[in-house]
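Read the figures in this text as sums done on the coordinates, not as results from a lab. Since this is a predicted model, take the numbers as computed values, not measurements. Every residue, glycine as well, gets a Cβ built from its backbone with ideal geometry; the counts of neighbours run over all protein chains shown.
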Amino acid sequence: MRKLPTASELLEEFRNGSLDPVDHAERVLGEIERWEAKVNAYITIEAREAVIAQAEEAEERYRRGEARPLEGVLVAVKDNISTSFMPTTAASRMLEGYVPPFNATVVDRLLEAGAIVVGKANMDEFAMGSTSEFSAFGPVRNPWDLERVPGGSSGGSAACLAYGGCDLSLGSDTGGSIRLPAAYTATVGLKPTYGLVSRYGLIPYGNSLEQIGPMARSVRDVALLLEVIGGWDPKDATSLRVKPPRLSALEPAEPGSLRLCVPREMVEGAEEPVAKVFWRLMERLDSEGFEVEEARLPSASKALPAYYTIALAEAASNLARYDGGLYPRGDVEPGDYWRHVAEARARGFGWEVKKRIVLGSYVLSEGYRDEYYVAATKVRRLVRDEVLRLARRCVIASPAAPILPPRLGERITDPLLLYAMDVYTVVANLAGVPALAMPAGFHHGLPVGVQFMAGKLEEDRLVRLGLFVEELTGLRGVAAGEG
Ligand code: GLN
């Protein structure tokens with residue numbers, strides 16, 4: 001274990017002149033060189049000269065006193081977020097070589113804030129997965145233990161933070177894809193309130209569930225990044241008409257200022273080492289003056305099947321657009337239309353994606369729609385009502401994942417075991433509320449993460465609590481490796 005500077009600390013050093021953005025960029029590029037062959041966190045890495053040129057520009061701006069909020073900070077962007085200056089593949093052969101003609105709104109906001117996009121992060125194909133093994137460009141490995149997965153689907157975004165190959169990153173979270181990788185790499189990830197961050201330019205998987213969100217090596221950093229990317233965007237019809245949240249200057253929560261609820265349904269299935277680390281943290285918080293009480297969230301036990309029903313239905317509809325026409329694969333013979341489409345889809349999609357298209361089409365099909373899809377939307381309403389009710393009283397705490405990071409290959413052979421990894425995270429997506437995952441501790445060198453959930457647009461409560469927890473655990477800025 002070692003400590004690396006957080007983005008907030010770097011910005012401070014850039015401002016007071018004790019560190020040059022160019023020297024820093026060189027250091028990060030060095031880490032990428034050292035780790036990337038083993039970890040595979042990136043699908044595309046920006047050319048060295050381009051990174052250095054941007055860092056030089058940042059240096060110049062600091063000299064002139066014109067530095068912007070993220071000036072010179074190196075950011076990794078998940079590869080399902082559109083960039084007009086780098087390919088955007090969503091880790092699928094279907095989109096190999098595709099360079100979008102526009103930037104996602106969050107990318108424009110990053111660039112306007114002076115950030116340098118250092119690369120596009122590896123992920124599960126179309127964000128479908130929990131381990132980052134379903135990438136057409138090879139699996140991502142966990143820097144803390146290369147035999148293990150970093151969680152998914154934003155595994156690359158988390159892994160590059162954990163080895164020092166970026167200062168901040170963007171992930172997307174449909175059912176836990178920011179929080180599970182954060183938990184498995186001892187980093188911090190926040191899934192914002194639905195509608196707080198623009199999805200314009202995000203390659204869609206489950207539109208009604210997903211949000212782009214910040215990932216970092218500290219709570220203050222995710223607050224800072226969310227401040228930059230959040231707020232109303234006229235290009236996304238589901239975006240809320242709210243100003244960017246003000247979070248980066250918040251102070252840690254005062255003990256006694258809030259209560260924590262641990263729903264029994266969101267901890268009872270956790271394996272022992274996870275439960276142990278989690279409860280130890282809860283006990284410490286309790287003795288610090290944050291009252292911790294056990295609670296009930298009965299619908300949480302039905303959240304997982306409801307989530308997968310809705311997510312797959314939306315996935316099947318979303319992925320219907322890939323017919324090999326608009327995004328030609330090049331290796332498909334022209335011929336009759338349907339054969340062309342079938343061939344393009346057979347070659348372009350991976351196995352997991354195909355499975356989900358079939359399942360999603362099934363739950364939407366005539367005769368089964370009410371039984372599955374409509375039933376799932378009813379469960380979703382139950383979950384939302386229960387979560388909102390509980391969140392009025394307390395911040396909801398649980399482990400971020402029920403198990404420690406599994407070994408590669410260990411989970412993907414059994415879909416039910418794989419999907420069960422998301423049991424604690426999907427609740428926040430169904431409810432549309434914000435959720436923060438951050439390090440709780442370690443078990444034999446493996447990271448264990450805690451999750452906090454609050455009511456809609458209560459990101460400030462999560463940040464304040466997170467800042468306190470980070471001080472308590474002393475795990476701000478931790479990274480894998482020696483030194
Ligand atoms: N593991 C979940 C799924 O595969 C969540 C993925 C995500 O949040 N993008 O659907």
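Here are some notes:
- Cα-based shape type of region 346-443, given that a ≥ b ≥ c are square roots of the gyration tensor eigenvalues and the cut on a/c is 1.5: oblate
- Positive-end residue, region 355-438 charge dipole about Cα centroid, Cβ charges, pick of 377, 432, 404: 432
- For region 1-155, alpha-carbon Rg relative to the globular expectation (2.2 N^0.38 Å, N residues): 1.07
- Spatially close lysines, pair count over the chain: Cα under 21 Å, gap of eight or more or interchain: 15
- Of the residues 378, 78, the one with the fewest other Cβ atoms within 10 Å heads the list, and the complete ranking is 378, 78.
- When 227, 12 are arranged by Cβ crowding within 10 Å, least crowded first, meaning fewest neighbours, the order is 12, 227.
- Computed on region 436-477, with alpha-carbon pairs under 8 angstrom and 6+ residues apart, the relative contact order is 36 percent.
- Considered as an equivalent ellipsoid built on the Cα gyration tensor, region 1-88 has semi-axes of 23, 17, 12 Å, the largest given first.
- Cβ-placed point charges (K, R +1; D, E -1), dipole of region 93-172 about Cα centre in debye, nearest 20: 40
- Ranked by the mean number of other Cβ atoms within 10 Å of their residues, highest first, the peptides 149-158, 387-396 come out as 149-158, 387-396.
- Principal axis dimensions, largest first and in whole angstrom, of the chain by Cα: 64, 54, 44
- DSSP-assigned coil residues among GluC sites (Glu not before Pro) in region 123-213, each with at most 16 further Cβ atoms within 10 Å: 147
- Dipole magnitude (debye, nearest 20) for the chain, charges at Cβ of Lys, Arg, Asp, Glu: 1080
- Helical runs (DSSP H, four residues minimum) scored at -39500 (n - 2.57) apiece and divided by the length of the chain put the mean residue ellipticity at 222 nm at -12500 deg cm²/dmol.
- Region 359-483, relative contact order [Cα under 8 Å, separation at least 6], %: 24
- When you filter the chymotrypsin sites (Phe, Trp or Tyr not before Pro) in region 74-132 for DSSP loop state and at most 14 other Cβ atoms inside 10 Å of their Cβ, you are left with 85, 102.
- Taking other Cβ atoms within 10 Å as a rough exposure proxy, 238, 425, 174, 83 sort from fewest to most as 238, 83, 174, 425.
- DSSP-defined antiparallel bridges as percent of all bridges, region 165-322, nearest 5: 70
- Remark: relative contact order (region 82-202) = 22 percent; criterion is Cα-Cα distance under 8 angstrom and separation of 6 or more residues.
- Dividing the convex hull volume of the alpha-carbon atoms in region 38-108 by its residue count gives 111 Å³ per residue.
- Local electrostatic count, residue 437, Cβ distance below 10 Å [Lys/Arg +1, Asp/Glu -1]: +1
- Within the chain, the whole DSSP H helices whose Cα atoms reach 15 Å or more along their own axis and whose mean Kyte-Doolittle score is at least 0.0 are 219-229, 300-318, 351-364, 459-473.
- Computed over the Cα atoms of region 372-421, the ratio of the radius of gyration to the Kirkwood radius (Rg/Rh) comes to 1.12.
- Using the empirical formula 2.2 N^0.38 Å as the baseline, the Cα radius of gyration of region 193-303 reaches a ratio of 1.33.
- Fraction of antiparallel bridges per DSSP, the chain only, in percent to nearest 5: 70
- Local electrostatic count at residue 141 - Lys and Arg +1, Asp and Glu -1, tallied over other residues with Cβ under 9 Å: 0
- Region 4-23 and region 170-242: distance between their alpha carbon centers, rounded to Å: 25
- Taking GluC sites (Glu not before Pro) across region 340-383, the ones in a DSSP loop with at most 15 further Cβ atoms lying within 10 angstrom of their Cβ are 366.
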